[in-house]
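First the structure, in the form of structure tokens, and then the observations on it.
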């Protein structure tokens, strides 16, 4: 009986060694080509959203007020009578607690009184006399938590959902999903404080791996948009003809490389800049505002830092009014050599620091809210007040300040679709969130929900993963959404 060669006994779809080695080279070549094309943006894996929400939105646009440095809730918006009563005693269970900068001392009451405000009787620090008049319109989330107790990563998490840099900011996601209401202005504007940019800088308004055109455009009332004006030696006709020729070249290149988002972003940025030469000067011209409006904000206040923030608030309203989708407004900048001088990082001298910062925040922010309401903008504008984490209820050892605390702090929402009230709480001293603890993922999911976006459906394929603002977490905080 004749015996066939062993290879002949294999099923027809099996390969011998020679065939396998021959074909694996072709397969690896194909994989390498795919990787190279993907790196160059030539594999279109993400379709541009339609610009329409997933369901009927409550809000059309957002102003996010961000206070870098970590604002202390028990000195501003969350009254803790037990902390006032037991000041000077050790924190129960935390006698040997070591936090960000080291050992902690005893419990330290707030240096300021709290009083009941509004029809709701909400307790607010006397440091904030103007904002306290808005408590009946605000949804306070007193149980927010963060993953990091370091300013840079925590700021980035509050603004992007991740403690590592490189992920798209909330404003970029919203710009990507909904686009702009005004083609002559950016969809997303970041307004840094006159004192400087926040911790981690542009990582707070980056587009990350989203198309580059979705990143925030940074400028403020003191420093207009850079490189916008046409040089005087170039005539308007020459500028227009050059732009038309460049458009032809860009269009030809885009037709050859349709998936190259970086090129598309650069083209969009140049075209937007051309349109902004006409629209931006008008939008940023605060001299058009009445004396009464400037007084409402405090734009001419003798305190130059209060006046500068007030003018930024006024700029935020003008941008929102003209169709900008998302405005990120900062009150404070990077930390400095003297704790608490440039932002809310009150490690050593809480009383002096907050008596400097709270007036800067208080009147201009309240003026912004009143102006939005008077103009009918608050009905479809969502206003957020945020900070990266909170402070300890104890004093930092050897100081009269408070150390970092990511385990329980306060943020709030106001405006379109918001149900006013207080949600969640920290313990009796303000140390940890103990009632309805919330995460930044939940906060972001709620913001998207109010804009008519499902946070689980708003995705972007990147490095083999469908990424989202909320990662794989998050749920809508239904208690702060009006039914």
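Taken together, the values in this text are just the output of simple stated rules run on the coordinates, not laboratory data. Because the structure is a prediction, the values reported are computed rather than measured. Ideal geometry is used to build each Cβ from the backbone, glycine not excepted, and the neighbour counts take in all protein chains shown.
Look at 399, 446 and count the other Cβ atoms within 10 Å of each Cβ; fewest to most, that gives 399, 446.
Note on residue 321/residue 456: beta-carbon distance plugged into 1/(1 + (r/R0)^6) with R0 of 30 Å gives a FRET efficiency of 0.40.
Taken along the Cα-to-beta-carbon direction at a fixed 7 Å, the label points for residue 247 and residue 351 span 6.4 nm.
Using the count of nearby Cβ atoms within 10 Å as a rough guide to exposure, how do 117, 331 rank from fewest to most?
Details: 117 19, 331 27.
Starting with the residue having the fewest Cβ neighbours, the order is 117, 331.
Ranked by how many other Cβ atoms sit within 10 Å of their own Cβ, fewest first, the residues 137, 371 fall in the order 137, 371. Taking all Cα pairs closer than 8 Å and separated by 6 or more residues, the relative contact order of the range 99-149 comes to 25 percent.
Evaluate E = 1/(1 + (r/R0)^6) for residue 120 and residue 50, where r is the Cβ-Cβ distance and R0 equals 35 Å; express this FRET efficiency to the nearest 0.05. It would help to have the intermediate numbers written out before the result.
Working: r = 40 Å, r/R0 = 1.14.
About 0.30, to the nearest 0.05.
Counting every pair of alpha carbons in the range 274-392, the share spaced more than 21 Å apart comes to 44 percent. Given a Förster distance of 41 Å, report the FRET efficiency between residue 435 and residue 282 from their Cβ-Cβ distance, rounded to the nearest 0.05. Using R0 = 41 Å, I get an efficiency of 0.30. Geometric descriptor of the range 408-454, per residue, is 74 Å³ (volume of the convex hull of the Cα atoms).
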